[in-house]
1. Assess whether GLY135 counts as being under 16 Å from GLY31 (Cα atoms) and within 20 Å of the chain's Cα centre (by Cα).
2. Could you check how many residues of the range 33-57 are free of Cβ contacts under 8 Å to residues at least 40 places away in the same chain and within 17 Å of ALA149 (Cα to Cα)?
3. Got at least one residue in the range 61-75 being free of Cβ contacts under 8 Å to residues at least 12 places away in the same chain, surrounded by 13 or more Cβ atoms within 10 Å (Cβ to Cβ) and not charged (D, E, K, R)?
4. Anything in the range 119-139 that is assigned to a strand (DSSP E or B), surrounded by fewer than 18 Cβ atoms within 10 Å (Cβ to Cβ) and either modelled with pLDDT of 95 or more or not hydrophobic (A, V, I, L, M, F, W, C) (or both)? List them, or say none.
5. Cβ contacts < 6 Å: first residue within 19 Å of LYS118 (Cβ to Cβ), restricted to the range 150-173; second residue part of a loop (DSSP other than H, G, I, E, B) and modelled with pLDDT of 80 or more, any location; separation 6+ or different chain. Result?
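The values are calculated or read from the model by the stated rules, or taken from the named source; none is laboratory data. Fair warning: this is a prediction, and the values are worked out from it, not measured in the lab. Cβ placement follows ideal geometry from the backbone for every residue including glycine, while neighbour counts extend to all protein chains displayed.
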Amino acid sequence: MKSMIRGAALGLAVVLSAQTAHAQGLSFGVGAGAVVPTGSMADANSTGWSAMAVARLKPPVAPIGFQVDAFYNRFGLESGIDGHSRLIGATANALFAFPSVSPVRPYLLGGAGVYNAKASVEGSESATKVGLNAGAGFDFALGSAQLFADARFHAILNGSIDGTTGDEATAYMIPITLGLRF
């Protein structure tokens, strides 16, 4: 009986804290989509897929907020090489949501992140680099949840090798994501 009362109290506390967090503008989400490598990153990688988790803090009355993302990207390898490369990372972003009376609300975001890349080719080592990202998207109201769609431009500093000179170069990629935020 005591454990049932404790469980009910814990469940009530979780529900009330989730409602309080949502009222203060805290939301969580998940998304997936395609990721397109560009520049020197496209020399070795083909278009791949991406999955991400999102935590956003944006008070309902303010247009400015903060968003943290964690993501996993997987690319195929070019030039007939059997295998793949993966990119795991996280970004911290400032967010500006445009005022809107419609159920569609556009936003801009940008910030800095950390990126860890590794190829499945034998002898390949993982490398962690820093980078920047900026993008735009839309939130679509779906009752208490929101559907979101965004595209971003990521620049990973010294994240790839220039095929002509062999020097480190900035790697670029554009993930296009569709997701659900609660």
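1. Numbers: under 16 Å from GLY31 (Cα atoms): yes; within 20 Å of the chain's Cα centre (by Cα): yes.
Answer is yes for this residue.
2. 4
3. Within the range 61-75 (the criterion being free of Cβ contacts under 8 Å to residues at least 12 places away in the same chain, surrounded by 13 or more Cβ atoms within 10 Å (Cβ to Cβ) and not charged (D, E, K, R)), the answer is no, since none of the residues qualifies.
4. Step one: filter the range 119-139 for residues assigned to a strand (DSSP E or B), giving 119, 127-139.
Narrowing further to those that are surrounded by fewer than 18 Cβ atoms within 10 Å (Cβ to Cβ): 127-128, 130, 132, 134, 136, 138.
Hits for the range 119-139 are THR128, VAL130, LEU132, ALA134, ALA136, PHE138.
5. Pairs that qualify, where the first residue is within 19 Å of LYS118 (Cβ to Cβ) and the partner is part of a loop (DSSP other than H, G, I, E, B) and modelled with pLDDT of 80 or more, are SER160/SER40; ALA169/SER40; TYR172/GLY39.
Residue by residue, here is whether (1) among the charged types (D, E, K, R); (2) under 19 Å from GLY135 (Cα atoms); (3) surrounded by fewer than 18 Cβ atoms within 10 Å (Cβ to Cβ); (4) touching a residue at least 40 places away in the same chain (Cβ under 8 Å) holds:
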residue	(1), (2), (3), (4)
GLU78	yes, no, yes, no
ASP82	yes, no, yes, no
SER85	no, no, no, yes
THR91	no, yes, no, yes
ALA94	no, yes, yes, no
PRO99	no, yes, yes, no
VAL114	no, yes, yes, no
ALA117	no, no, no, yes
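Condition check ((1) outside any loop (DSSP other than H, G, I, E, B); (2) out of contact with any helix residue (DSSP H, G or I) (no Cβ under 9 Å at 6 or more places or on another chain)) across all residues:
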site: TRP49; (1), (2): yes, yes
site: ASP69; (1), (2): yes, yes
site: TYR72; (1), (2): yes, yes
site: PHE75; (1), (2): yes, no
site: SER79; (1), (2): no, no
site: ASP82; (1), (2): no, yes
site: ILE88; (1), (2): yes, yes
site: VAL101; (1), (2): no, yes
